[in-house]
Amino acid sequence: MKIFISADIEGTAFTTYWDETELKEGVYARAALEMTREVRAAVDGALAAGADEIVVNDAHDWGINVDPNEMPECAELIRGWSGSPMSMVDGIDESFDAAMFVGWHAAAGRYGNPLSHTMSTKTTKVTLNDLPCSEFLLYSWACAMKGVPTVFLAGDKTLIDDSAGLHPLLRTVAVKSGWGGSTHCLSPARAQRLIRETSEAALRQDLSRGCISLPDHFTLRITYKEQRNAVRYSYYPDCRLLEDNTISFDTDDYMALLTAVNFCL
């Protein structure tokens, strides 16, 4: 069984402030350690379920957060960024049996995580087909485009609530919830145990029932904090300015949408 894992940091057990997510800050080290341990918990769950090949995409910031020394021999770690529109799931293809997501967070403008955003912090709201457009929505649909079912998600409760109906076999672990600028966090030990147990259970399902069909058409709407960004990105091909600080992009081609995300977010 071949498994793909994409890992982020803002949806891990205790990250609350941006400083904890930024490479050069003193408090970053403990957040990177927790990200590594949550990824390893998902890897261990996958191994227990019978996986013999695992690819982990380190998908936060510079892409050098997960400690490679904590990965087992059967795991390949993708670090840094190729520039592909597949972005946070770069490396996935039709050969994988399932995808899992660890450390993911709520969409731009959503309550439930002080670090909520979608790809950058320059927006206040992003929607895709009128759904809150989280990074999980974007890239779990990218996995579906490749014919790979998404079966596991760990992150904040708001993201998990927003994502509940996206994939038929999706098993989840909410490691924290938030209100305003605060977070209510599981202990790291409990978060890691739940991730390990739930990821194993997710992969023991009949994975052939997990594939979804994407919509026939996609409408992406992005509201920026500053109107100058809306004007600037409205010049991207097929984008149009809807309001002072909002643009819209329509397409039937999901890869074209991911490419627009690469340039406009």
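Mind telling me which of the residues 13, 49 ends up being farther than 19 Å from residue 117 by Cα and touching a Lys or Arg at 6+ places or on another chain (Cβ under 7 Å)? Spell out the reasoning first.
Working: 13 fails: farther than 19 Å from residue 117 by Cα.
After applying the criteria, what remains is 49.
What is the residue count in the range 220-230 for residues that are surrounded by fewer than 18 Cβ atoms within 10 Å (Cβ to Cβ) and within 19 Å of residue 110 (Cβ to Cβ)?
Our first condition is that a residue be surrounded by fewer than 18 Cβ atoms within 10 Å (Cβ to Cβ); within the range 220-230, this holds for 225-228.
Those left that are additionally within 19 Å of residue 110 (Cβ to Cβ): 225.
Final tally of qualifying residues: 1.
How many residues, within the range 88-117, are open to solvent by 40 Å² or more (accessible area, probe 1.4 Å) and in contact with a helix residue (DSSP H, G or I) (Cβ under 8 Å, 6 or more places away or on another chain)?
Total satisfying the criteria: 3.
Given the conditions (1) within 27 Å of residue 158 (Cβ to Cβ); (2) more than 15 Å from the chain's Cα centre (by Cα), which single one is not true for residue 11?
Of (1) within 27 Å of residue 158 (Cβ to Cβ); (2) more than 15 Å from the chain's Cα centre (by Cα), only one is false for residue 11: (2).
Every residue in the range 8-39 that is closer than 23 Å to residue 76 by Cα and either aromatic (Phe, Trp, Tyr) or in contact with a strand residue (DSSP E or B) (Cβ under 9 Å, 6 or more places away or on another chain) (or both), please.
Hits for the range 8-39 are 8, 9, 10, 11, 12, 34, 35, 36, 38, 39.
Only residues in the range 243-260 that are farther than 21 Å from residue 92 by Cα count as the first member; pair them with residues that are among the basic types (Lys, Arg), Cβ under 6 angstrom, at least 6 apart or cross-chain, and list the lot.
Final answer for the pair search is 248/221; 248/240.
If I go through the range 157-211 residue by residue, how many of them are without any contact (Cβ under 8 Å) to a residue 40 or more places away in the chain, β-branched (Val, Ile, Thr) and farther than 17 Å from residue 35 by Cα?
The number of residues fulfilling the criteria is 1.
Based on what the data block shows, is residue 262 assigned to a helix (DSSP H, G or I), open to solvent by 50 Å² or more (accessible area, probe 1.4 Å) and more than 27 Å from residue 164 (Cβ to Cβ)?
On the way: assigned to a helix (DSSP H, G or I): yes; open to solvent by 50 Å² or more (accessible area, probe 1.4 Å): yes; more than 27 Å from residue 164 (Cβ to Cβ): yes.
For residue 262, the condition - assigned to a helix (DSSP H, G or I), open to solvent by 50 Å² or more (accessible area, probe 1.4 Å) and more than 27 Å from residue 164 (Cβ to Cβ) - is met.
Wholly within the range 1-87, which strands (runs of 3 or more DSSP E) include no fewer than the required count, namely at least 1 residues that are in contact (Cβ under 8 Å) with a residue 60 or more places away in the chain and touching a helix residue (DSSP H, G or I) at 6+ places or on another chain (Cβ under 9 Å)? Break it down into steps so the answer makes sense when it comes.
Working: elements: 2-7, 53-58, 75-78.
Correct list: 2-7.
Do you know which residues across the range 29-56 are of a type outside the set (D, E, K, R) and in contact with an Asp or Glu (Cβ under 6 Å, 6 or more places away or on another chain)?
The initial filter retains those residues of the range 29-56 that are of a type outside the set (D, E, K, R), namely 29, 31-33, 35-36, 39, 41-43, 45-51, 54-56.
Those that are of a type outside the set (D, E, K, R) and in contact with an Asp or Glu (Cβ under 6 Å, 6 or more places away or on another chain): 31, 36, 45, 48, 49, 55.
The values are calculated or read from the model by the stated rules, or taken from the named source; none is laboratory data. Note that this is a predicted model, so its numbers are computed, not measured. When we count neighbours, we look across all protein chains shown, and the Cβ atoms used for this are built from the backbone with ideal geometry, even at glycine. For the accessible areas, the whole protein counts, side chains as well, though only heavy atoms, and no ligand, DNA or RNA atoms are used. Shrake-Rupley method; radii C 1.70, N 1.55, O 1.52, S 1.80 Å.
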